[in-house]
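Enquirer: One structure is given below, represented as structure tokens, and several questions about it will come after.
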Amino acid sequence: MPISFDKPVVILSAPRSGSTLLFETLARAPGLHTIGGESHRVIEGIPSLHPAGRGFASNRLEASDAPPEVAEALRQRFVASLRDRDGMPAPDGGSIRLLEKTPKNVLRIPFMRRVFPDARFVVLWRDPRAVLSSMIEAWRSGHFVTYPILPGWGPPPWSLLLVPGWQRVNGRPLEEIVAYQWGRAMHVMLEDLEVLPADAWRSVRYESLVASPRAVVDVLCAWLEIGWDAPLDRLPLSRYTISRPESGKWMRNRAAIERVMPLVAGVADRLERVLAARSAG
């Protein structure tokens, strides 16, 4: 009997917004299965889904990019790597609850809906000033390079998700690059969320998760219809932490952030308005 997917949980988040922290927390829930980390290789290992096979347009994937044979191939690639919270592989048959995350999925909502029609999306959002500052740190670190050879781009090598229209910021200051990345990704995500069924997604604010992890996780798990049996007094650092979290850390890049905030003010306001209305915590 083959494995089937029952209401997979897909985390949607801009890069450097805390999605790894949320993923690693929810992965402790009984009954959820993951592939152990982000799905870059699982998804982009299918040639038609890799940007190189698409003229390096972006990480955007539409429903039309998941014809039946591609959707089935992708599901089987997930099945091959599934494990539960104890590191045990998925059973040989039956249905499982998948927990999936990569920031690239903010550009893939229609695609993920075609592959997993009953997916539930959890949108994690964070103060954009903190996100932009952390994205700048990520680019500078050199540890988040996704496409080291991107035709027509350089330097520095491209880091984090590849958004539509990335060519527009070629040669621009780093803060403008990350502002465009964040703003464009959030615009695409919001457009796609608007056409999802009302019961298909909820939002979680990063600052609320950090301040009251148990309360937020309880509400989220109730909506997802999953149990929770682990202590949760505090959240650990995620595996991709660059520097320790602290209040107001974005101020290290204050001048750069304040210069580009007007460029993303419109989408930031819309994000706050839309996501606050659908909050699960």
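Enquirer: How high is the relative contact order of region 13-168, given as a whole-number percent (alpha carbon pairs under 8 Å, six or more residues apart)? Could the numbers behind the result be given before it?
Expert: Numbers: 192 pairs, mean separation 53.8, N = 156.
Across region 13-168, relative contact order equals 34 percent.
Enquirer: Loop only per DSSP, at most 11 neighbouring Cβ atoms within 10 Å: give me the chymotrypsin sites (Phe, Trp or Tyr not before Pro) in region 1-64, ordered by residue number.
Expert: Details: sites: Phe5, Phe23, Phe56; in loops: Phe56.
Sparse-neighbourhood loop chymotrypsin sites (Phe, Trp or Tyr not before Pro): none present.
Enquirer: Please list 3J(HN,Hα) in residue order for region 106-112, calculated via the Karplus relation 6.51 cos²θ - 1.76 cosθ + 1.60 where θ = phi - 60°; whole Hz, with x for glycine and proline.
Expert: Ordered by residue, 3J(HN,Hα) equals 5, 9, 10, 4, x, 5, 5 Hz.
Enquirer: Okay, moving on. In whole percent, how big is the carbon plus sulfur part of the accessible area of region 191-230, probe 1.4 Å, protein atoms only? Each step should come with its number before you reach the end.
Expert: Values: 960 of 1850 Å².
Answer for region 191-230: carbon and sulfur cover 52 percent of the accessible area.
Enquirer: If R₀ is 25 angstrom, what is the calculated FRET efficiency for the pair Ala215 and Met251, using the beta carbon separation as r and rounding to 0.05?
Expert: E(calc), rounded to 0.05, equals 0.35.
Enquirer: Multiplying the sequence separation of Ile149 and Arg77 by 0.36 nm and subtracting their Cα-Cα distance, what value in nm do you get?
Expert: Stretched fully, the Ile149-Arg77 segment lengthens by 23.3 nm.
Enquirer: Note the per residue figure in Å³ for the convex hull of the C-alpha positions in the chain.
Expert: 124 Å³
Enquirer: Per residue, how big is the convex hull of region 72-139 when only Cα atoms are used? Give it in Å³.
Expert: Hull volume normalised by residue count: 144 Å³.
Enquirer: What full-extension length gain, to one decimal in nm, is calculated for Ala63 and Arg28 as 0.36 nm per residue of separation minus the Cα-Cα distance?
Expert: My answer for the length gained is 9.5 nm.
Enquirer: Find the all-direction average of the projected area of the Cα convex hull for region 100-163, expressing the result in square nanometres with one decimal place.
Expert: Numbers: hull surface 22.3 nm².
Mean projected area of the Cα convex hull: 5.6 nm².
Enquirer: Ala185: net charge of surrounding residues, Cβ under 10 Å, Lys/Arg +1, Asp/Glu -1, itself excluded?
Expert: That sum, taken over residues with Cβ under 10 Å, equals +3.
Enquirer: Could you compute the FRET efficiency for Glu225 and Arg259, with r as their C-beta to C-beta distance and R0 at 51 Å, rounded to 0.05?
Expert: According to the calculation, E is roughly 0.70.
Enquirer: Need one number for region 51-106: average projected area of the convex hull over its C-alpha atoms, nm². Could the numbers behind the result be given before it?
Expert: Working: hull surface 21.0 nm².
The number I arrive at for region 51-106 is 5.2 nm².
Enquirer: Next question. Please compute the modelled spin-label separation between Asp118 and Leu232, points set 7 Å along Cα→Cβ, answer in nm with one decimal.
Expert: 2.3 nm
Enquirer: Another question, then. Expressed as a fraction of 2.2 N^0.38 Å, the rule-of-thumb size for a compact globular protein of N residues, what is the C-alpha radius of gyration of region 22-142?
Expert: Ratio of Cα Rg to 2.2 N^0.38 Å: 1.15.
Enquirer: While we're looking at this one, here's another question. Lys249: which lysines have alpha carbons under 18 Å from its alpha carbon, excluding same-chain residues fewer than 8 sequence positions away?
Expert: Answer for Lys249, where 18 Å is the Cα cut-off: none of the lysines qualify.
Enquirer: With the full set of protein chains in place, find how many percent of the accessible area of region 63-161 is carbon and sulfur; take the probe as 1.4 Å.
Expert: Answer for region 63-161 is 53 percent, counting heavy atoms of protein chains only.
Enquirer: Using the Cα gyration tensor of region 1-66, with a ≥ b ≥ c the square roots of its eigenvalues, what is the shape: rounded (a/c below 1.5), prolate (a/b larger than b/c) or oblate (neither)? All intermediate terms of the calculation are to be shown ahead of the outcome.
Expert: Values: a/c = 2.38, a/b = 1.41, b/c = 1.69.
Oblate, because a/c is 1.5 or more while a/b does not exceed b/c.
Enquirer: Let me ask something else about it. Taking each full run of DSSP H in the chain as one helix, which ones are at least 27 Å long along their axis (Cα atoms) and have mean Kyte-Doolittle hydropathy of at least -1.0? Don't jump to the answer; show the numbers that get you there.
Expert: Values: long enough: 174-193 (28 Å, 0.19); 254-276 (28 Å, 0.57).
Correct list, ordered by number: 174-193, 254-276.
Enquirer: Per residue, how much accessible area does the chain have with a 1.4 Å probe, in Å²? Don't skip to the answer; put the middle values down first.
Expert: Working: 12370 Å² over 281 residues.
That works out to 44 Å² per residue.
Enquirer: How much of the DSSP bridge set in region 82-214 is antiparallel, in percent, rounded to the nearest 5?
Expert: Of the beta bridges lying entirely in region 82-214, close to 40 percent run antiparallel.
Enquirer: Need the full-extension length gain, His50 to Lys7, defined as separation in residues times 0.36 nm minus the C-alpha distance. One decimal, nm.
Expert: Numbers: separation 43, 0.36 × 43 = 15.48 nm, distance 2.54 nm.
Stretched fully, the His50-Lys7 segment lengthens by 12.9 nm.
The values are calculated or read from the model by the stated rules, or taken from the named source; none is laboratory data. The structure presented is a predicted model; accordingly, all values stated were derived computationally and were not measured. Neighbour counts run over all protein chains shown; Cβ positions are idealised from the backbone, glycine included. To get the accessible areas, we keep the full protein, side chains included, count just its heavy atoms, and leave off ligands, DNA and RNA. Shrake-Rupley method; radii C 1.70, N 1.55, O 1.52, S 1.80 Å.
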